Amino acid sequence: MRFQDLNKISFLIILLFALIQAESVEEIRKKCQSEEGLQSCGSCTKQHPECSWCSEPGITVPRCDHRTSFARTCPSAANSAGQSEITIPDQHNVPLGNESPRTKQPIQIFPQQVYMRLKPGKLSFFPFFCGKNLEKKEKF
């Protein structure tokens, strides 16, 4: 067998594996429209990260569906499928090495306070620093 043939076979195997692993929109729609998914906005968005809830009055389609399915029937749901948000407020975080206002000890972790609003099933990251040796900041 030639090297080029092996590359083609490898590519086809990887492509086949990717197709098997990928969830189709229809599979996701089934999860969204499950009995539990149709109960409330909160239970809808927990079914799958791509599920979205339509809160417009008088809607004639299921209120929980794949976000792309709402493009014509419920545009507000299609555009607001819920995103994760992370905020690090300046006013409640003291820089590494500075003295804590309450304990008068050096701050060894930053940030001390983080506000997170996370979409179920979505990964989110934020910078986190630990100062064992305050001259050298370690990022986690």
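May I ask you to list the residues in segment 52-75 that are part of a helix (DSSP H, G or I) and in contact with a Lys or Arg (Cβ under 9 Å, 6 or more places away or on another chain)? Talk me through it step by step, then tell me what you get.
Residues of segment 52-75 that are part of a helix (DSSP H, G or I), as a first pass: 67-70, 75.
Scanning segment 52-75 gives a single hit, Ser69.
What number of residues within segment 10-39 are of a type in the set (Gly, Ala, Ser), in a loop (DSSP other than H, G, I, E, B) and at pLDDT below 85? Lay out the reasoning, then the answer.
Of segment 10-39, the ones of a type in the set (Gly, Ala, Ser) are 10, 18, 22, 24, 34, 37.
Now drop any that are not in a loop (DSSP other than H, G, I, E, B), which leaves 22, 24, 34, 37.
Subset that is at pLDDT below 85: 22, 24.
Residues in segment 10-39 being of a type in the set (Gly, Ala, Ser), in a loop (DSSP other than H, G, I, E, B) and at pLDDT below 85: 2 in total.
Taking the conditions exactly as written (in a loop (DSSP other than H, G, I, E, B) and either hydroxyl-bearing (Ser, Thr, Tyr) or over 17 Å from Glu26 (Cα atoms) (or both)), does Gly42 satisfy them or not?
no
Given the residues Gly82, Gly97, which is the only one that is closer than 30 Å to Gly131 by Cα, surrounded by 11 or more Cβ atoms within 10 Å (Cβ to Cβ) and at pLDDT below 85?
Gly97
Inspect all residues belonging to segment 55-64 and state whether any of them is modelled with pLDDT under 80 and within 20 Å of Lys122 (Cβ to Cβ). First the steps, then the outcome.
If we filter segment 55-64 for residues that are modelled with pLDDT under 80, which is where we start, we get none.
Within segment 55-64, not a single residue is modelled with pLDDT under 80 and within 20 Å of Lys122 (Cβ to Cβ).
Inside segment 32-79, can you point out the residues that are of a type in the set (Asp, Glu) and surrounded by fewer than 18 Cβ atoms within 10 Å (Cβ to Cβ)?
Glu35, Glu36, Glu56
Can you pull out the residues in segment 94-134 that are out of contact with any Cys (no Cβ under 7 Å at 6 or more places or on another chain), over 30 Å from Lys46 (Cβ atoms) and touching a residue at least 12 places away in the same chain (Cβ under 8 Å)?
Val94, Pro95, Leu96, Gly97, Pro106, Ile107, Phe110, Phe129, Cys130, Gly131, Lys132, Leu134
The values are calculated or read from the model by the stated rules, or taken from the named source; none is laboratory data. Owing to the predicted nature of the structure, the values given are computational and were not obtained by experimental measurement. So basically every Cβ, Gly included, is an ideal-geometry build from the backbone, and we count neighbours across all protein chains shown.
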